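My structure is below; once you've seen it, I'll send some questions.
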Amino acid sequence: MAAVSDEAVLFPANGLAAFYYGQGLYSEGVRWAERCKKQVEERLGADHPSTATSLNNLAALYESMGRYSEAEPLYGRSLEIREAQLGADHPDTATSLNNLAGLYRAMGRYSEAEPLYGRSLEIREAQLGADHPDTATSLNNLAGLYRAMGRYSEAEPLYGRSLEIREAQLGADHPDTATSLNNLAALYESMGRYSEAEPLYGRSLAIREAQLGKDHPATATSLNNLAALYESMGRYSEAEPLYLRALLILVSQLGQEHPRSQTVWQNFVGFLLAAVQAGRAGELSDHPLTQALLTQVQAERNAG
């Protein structure tokens, strides 16, 4: 009887999990990722590098669904296995460091995230090269942490370098290039450089719609971000349909209670309140959700 390879064990469950993750269908992805984890652990053992991969992938799905407390121990275990089995400076170890840092950032645990991002970047530059796409990912992620911490002057050159690498290595229309465009735009917005942010947000949205689909959660992120920029610029009639579309995508794909859905919901309600306070609610559309929330916002404002 022919031997069964590690790859055969990981596929098809891992392949299906990755497919659903890429489509933003996280619940389906989790089902297959959990199955993959069980198969790999039984076939290869609890400390095998492929087990670390399956743990990492399941953690990524949990994180995307907002299930942070379930993701953290899986990312941590994946990192432990990779450090022990592959070495502290292995590129896969860098991936685990990067991913655990990303979870900490999402949870607001910035001081724990920074050294992990820094170590991941050092490994990737040394092992993969300064112009490798994975190095660009680490640059982008560390820059994002600095932006969240208000360290804008440190974030800008990292975002710029990440974008340059991705355009050169992956292409101008790659989804990762869209991510760099989006993030550099967000930094410019935070710095009040709106005219520089707008074309970057627009280009990021166009790439995501074309490459990922009009109903992908990442497309919703671009819609929300461009809407928020328009709101800051006082362009309320342009912001409203983007907020609505982002909200409908996220509720449909992730559910109403998902943190990303809740964030856009809060953004939209805040936008409507700003429009009312500015005396510009009359510029908004007759969309049923807009009008229902406007009525609620106005009633609460009058009552207060």
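Can you give the direction-averaged projected area of the convex hull of the alpha-carbon atoms in the stretch 216-304, in nm²? Write down the numbers at each step before the final one.
Numbers: hull surface 21.9 nm².
The number I arrive at for the stretch 216-304 is 5.5 nm².
Summing Lys, Arg as +1 and Asp, Glu as -1, what charge do residues with Cβ under 11 Å from the Cβ of M149 carry, M149 excluded? List each step's numbers first, then the result.
Working: positive: R105, R147, R151; negative: E114, E154.
Counting the neighbours of M149, the net charge comes to +1.
Any chance you could run the full-extension gain for A292 through Q169? It's 0.36 nm times the residue separation minus the Cα-Cα distance, nm to one decimal. Before the final figure, lay out each step's value.
Details: separation 123, 0.36 × 123 = 44.28 nm, distance 4.71 nm.
Using 0.36 nm per residue and subtracting the Cα-Cα distance, I get 39.6 nm.
Would any residue of the stretch 175-196 have its amide N under 20 Å from a label point 7 Å out along Cα→Cβ of L128? List them or say none.
The answer is 175-184.
Continuing with this model, one more query. Kindly write out, for the stretch 94-109 in residue order, the coupling ³J(HN,Hα) from the Karplus curve 6.51 cos²θ - 1.76 cosθ + 1.60 (θ = phi - 60°), rounded to whole Hz, with x marking Gly and Pro.
4, 4, 5, 4, 4, 6, 5, 4, x, 5, 4, 4, 4, 8, x, 9
What distance in nm lies between label points placed 7 Å from Cα along the C-beta direction at E80 and Q266?
3.3 nm
Defining a contact as two alpha carbons under 8 Å apart and six or more residues distant in sequence, what relative contact order in percent does the chain show?
On the way: 391 pairs, mean separation 27.1, N = 304.
Relative contact order here is 9 percent.
Moving on to the next point. Provide the packing ranking of 239-249, 282-292, 203-213, 80-90, i.e. peptides ordered by the mean count of other C-beta atoms within 10 Å per residue, highest first. Let's see the in-between values first.
Values: 239-249: 21.8, 282-292: 12.4, 203-213: 18.9, 80-90: 16.2.
Result, highest mean Cβ count within 10 Å first: 239-249, 203-213, 80-90, 282-292.
Expected output is a single nm value to one decimal: the length gained when fully extending between R109 and E41, i.e. 0.36 nm times separation in residues minus the C-alpha distance. What is it?
So the chain would gain 21.4 nm between R109 and E41.
From the helices alone, meaning DSSP H stretches of at least four residues, give me the mean residue ellipticity at 222 nm for the chain, per-run term -39500 (n - 2.57), in deg cm²/dmol to the nearest 500. Write down the numbers at each step before the final one.
Values: 15 runs with 240 residues, N = 304.
Per the formula, -26000 deg cm²/dmol.
Calculate one ³J(HN,Hα) per residue across the stretch 199-209 by plugging θ = phi - 60° into the Karplus curve 6.51 cos²θ - 1.76 cosθ + 1.60, and present them in order as whole Hz with x for glycine and proline.
Working through the residues one at a time gives x, 5, 4, x, 5, 4, 4, 4, 5, 5, 4 Hz.
Okay, moving on. Express the relative contact order of the stretch 114-230 as a whole percentage, based on alpha carbon pairs under 8 Å and six or more residues apart in sequence.
Details: 141 pairs, mean separation 20.2, N = 117.
Result for the stretch 114-230 is 17 percent.
Only the coordinates and a few stated rules stand behind these numbers; no lab work does. Only a predicted model underlies this, so the values are computations on that prediction, with no experimental measurement involved. Using ideal geometry, Cβ is built from the backbone for each residue, glycine included, and neighbour counts are taken over all protein chains shown.
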